[in-house]
Structure formats: C-alpha cells, structure tokens
Amino acid sequence: MWYKKLITSILLVLGAATGMAQQLSEKSKISLITCSPGDELYARYGHTALLVYDPAQNIQWVFNYGLFDFEVEDFYLKFVKGETFYELGVEDYQQFLIAYSLENRQVYEQELNLSLEQRQAFLDALLENYLPQNRKYLYNFVFDNCATRPLTLIRNVLGQEFKSTYRGYQGLTYREFISHYSRPSSWADFGINLLFGKRADQPMTEGANLFLPEEVMNYVAGATLSDSKELVRSQSIHPFEIKKVPWYETWYFGAVLFLILTIAISRIDRHRGKFSWWYDAIFVVIYLLLTGLIFFLVHYSIHPLVGYNWRLLIFPMIHLCARLTYFFRA
C-alpha cells in the first residue's frame, strides 16, 4: 500500500540522517534484481534494482534508481535535451514483485557473496544515497542509469577489482547493440536509428556494454573477486526473451505501403491532370520537423549518441522516386 511505502521512506531518511541506520543480522542478504523487458518502449531494455533482505529485522527493501517525475516543469523539453533527473526510490519487495507480475515481466535475483560487514556497508551506502540531497542524478541512457549505478555501488563497496568471464556483445556497435533490445525492424528501432549519428556506429570497447540490465546481470553472474571467490552466492536468472516484430508491424512493410500509396496517388494525379500538392505538403512538413528535431538534438542536447545519418533520407527518397512516376506515361 502507498502509506507503507511512505512510512518506510520516512524511516529510512530519518535513520540515515541521524546516523542510526538499520543494523543487519547474519540472516541478511544483498541481491541484484533484474527485470525482464516490457512492451512499452522505455521498458524494452529491462530494469535493474537492489534488494536488501533481512527477515530478522523485517526488512525487504528494493532500492530503485529508475524513478523520475513527469510533473516537473518543462519535463519533455528537458527529456529531449538530455537534462532529465532520475532519483533513487525505495519500495517493499512484495509490492515490487506484484507490479512486475501484472505486466507479465520476470524478476531475477542474484544474491551477492558478501560478508556481514560488506552487507552493512552496502546498506549504509544506499541510505546515504537515499538522502534527499543525494538521491537525484542526471540520467544518461549510456553512461549513468539504473543499471550502471548498482554496478558502480558493488565495486565501491567491495573496494577491489573483479573480473568476469562474460563478454556479451563486445565488438558490436552501439547501434547494433541497442537495436537488439528495441526489437530489430520495429518502428521504434527505426526511430532510434534516425536519431543516432556516427558515434553510435563505433565498436564498443570492453565494459561499454554494461549500461543495460541484462548485460549487468550476465556480467555479475560470471564475475570473480581477486581471491577467486565468486561474486554471486546464489542466483535464478534467464536470458531475456526479445519479442520478434510481426512482418506487418515492421518499418519495412510501412515503407512499401508508403511507396505503393504515393505511386497510386501520382498515377491518379496523372490520369486527372491535376497534381495533389496537399499530399506532398503534409510530408514535407513532417520531414522538416524531423530534421529540425535532429538539428536541435545535435546542437543543444547532451545525449551522447545523436547525430545526422543517411537513414533520414530513406522516406524522402521513397517519396521523391514515387512522385516522379507522375511524369511517366501509363
């Protein structure tokens, strides 16, 4: 219930602010939580959170770095510019599970192999991050998000380097890597590729793939510490299932329909001897707005991968070529 979440949040803030953080027992555990993709675009990449569980203290807190406020002033403008602030939130684990089960999304748990001292340090660090003056951060899809923050915290608490046998999509470009999760050939994938520039076509270096939840999950699963101890004590994980896009929902099919429609209108115009300027005007406005958006992102946003690319010309070229059939004799 909402009031339980509110009470929990108040107690956490008061405890951290007064230096009276909850002391964990030997039965406690810290786990990395990974959620499978959802249907909405923002959910297609999955999600990452941290679980602090201690039955002796009646604690089952999920620390979630993926919260943001739609009500903030000029939210959409700030989102486009890359100036969106996310924040750390805390909720009850059972409520967390229910919310994801309602969306038919799986929740995977990896219990970290930490000593009691390390688990306590982990909770103390989370409580420190949850203080009102610390909980907000400038979100960046590639370099600073809900998946990178937990991994960074794990590294900071352990205070030692750990390596993983998992290599994942190393060697792919950012464009290829992100397309895998945004569902290849979907309209969402096409839109994202329109916005990406040359930087997105650079091969990712080692560790650059660790900004998406599944990659962090797999990396942690194969990680060992400097003393050869495995980072994960126990786990229940499964590869993400990326839904395939039906052929009739692909942007390729949409492009073919657009080609056929434009040719049909051009032939009808030829037959009646009158050119439908209104049809072209609609799409010229759309092209100009899209070009203006990309210009704005390139020059005024802090998104790391945006830029100009040839994909912006796909539909204008289809439009132009189809319209030229107006001049062909039947």
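Applying 1/(1 + (r/R0)^6) with R0 = 30 Å to the Cβ-Cβ distance of Asn156 and Glu230, what FRET efficiency is obtained, to the nearest 0.05?
Working: r = 19 Å, r/R0 = 0.64.
Using R0 = 30 Å, I get an efficiency of 0.95.
Considering only the other residues whose Cβ falls under 13 Å of the Cβ of Leu259, what net charge follows from Lys and Arg at +1 and Asp and Glu at -1? Kindly include the intermediate steps, with their values, before the conclusion.
Working: positive: Arg267, Arg323; negative: none.
Value of the local net charge: +2.
Beyond a 24 Å Cα-Cα separation, which of these cross-linked pairs lie in this structure: Lys27/Lys136; Lys81/Lys243; Lys81/Lys244; Lys78/Lys136?
Flagged as over cut-off: Lys27/Lys136; Lys81/Lys243; Lys81/Lys244.
What's the extension gain from Asp39 to Val298 if we count 0.36 nm per residue and subtract their Cα-Cα distance?
Gain on stretching Asp39 to Val298: 90.4 nm.
Give the relative contact order (percent, whole number) for the chain; include only Cα pairs under 8 Å separated by 6+ residues.
Once divided by the residue count of the chain, the mean separation gives 19 percent.
Between segment 216-251 and segment 86-121, what is the separation of their alpha carbon centroids in Å?
Spelled out, the Cα-based centre of one part sits 16 Å from the other.
Modelling each spin label as a point 7 Å along the Cα-to-Cβ direction, I'd like the Phe85/Gln118 distance in nm, to one decimal.
The modelled label-to-label distance comes out at 3.4 nm.
If you rank Trp277, Trp187 by fewest surrounding Cβ atoms within 10 Å, what's the result?
Least to most surrounded, the residues fall as Trp277, Trp187.
Within segment 233-271, whose backbone N sits under 18 Å from a point 7 Å along Cα→Cβ of Tyr326?
Within reach of a label on Tyr326, which here means backbone N under 18 Å from a point 7 Å along Cα→Cβ, segment 233-271 contributes 258-271.
Is the shape of segment 154-203 rounded, prolate or oblate, going by the alpha carbon gyration tensor and its root eigenvalues a ≥ b ≥ c, with a/c under 1.5 for rounded and a/b larger than b/c for prolate?
Since a/c reaches 1.5 and a/b is larger than b/c, the shape of segment 154-203 is classed as prolate.
Which of rounded, prolate, oblate describes segment 248-327, given a ≥ b ≥ c as roots of the alpha-carbon gyration tensor eigenvalues and a/c under 1.5 marking rounded, otherwise prolate only if a/b is larger than b/c?
Prolate, because a/c is 1.5 or more and a/b exceeds b/c.
So if each residue of separation counts as 0.36 nm, and I subtract the Cα-Cα distance between Glu206 and His271, what length gain in nm does that give?
Numbers: separation 65, 0.36 × 65 = 23.40 nm, distance 5.98 nm.
So the extension gain works out to 17.4 nm.
Readers should treat all values here as calculations from the given coordinates under stated rules, not as data from a laboratory. It should be emphasised that the depicted structure is a prediction, and the values quoted were computed from it without experimental measurement. Using ideal geometry, Cβ is built from the backbone for each residue, glycine included, and neighbour counts are taken over all protein chains shown.
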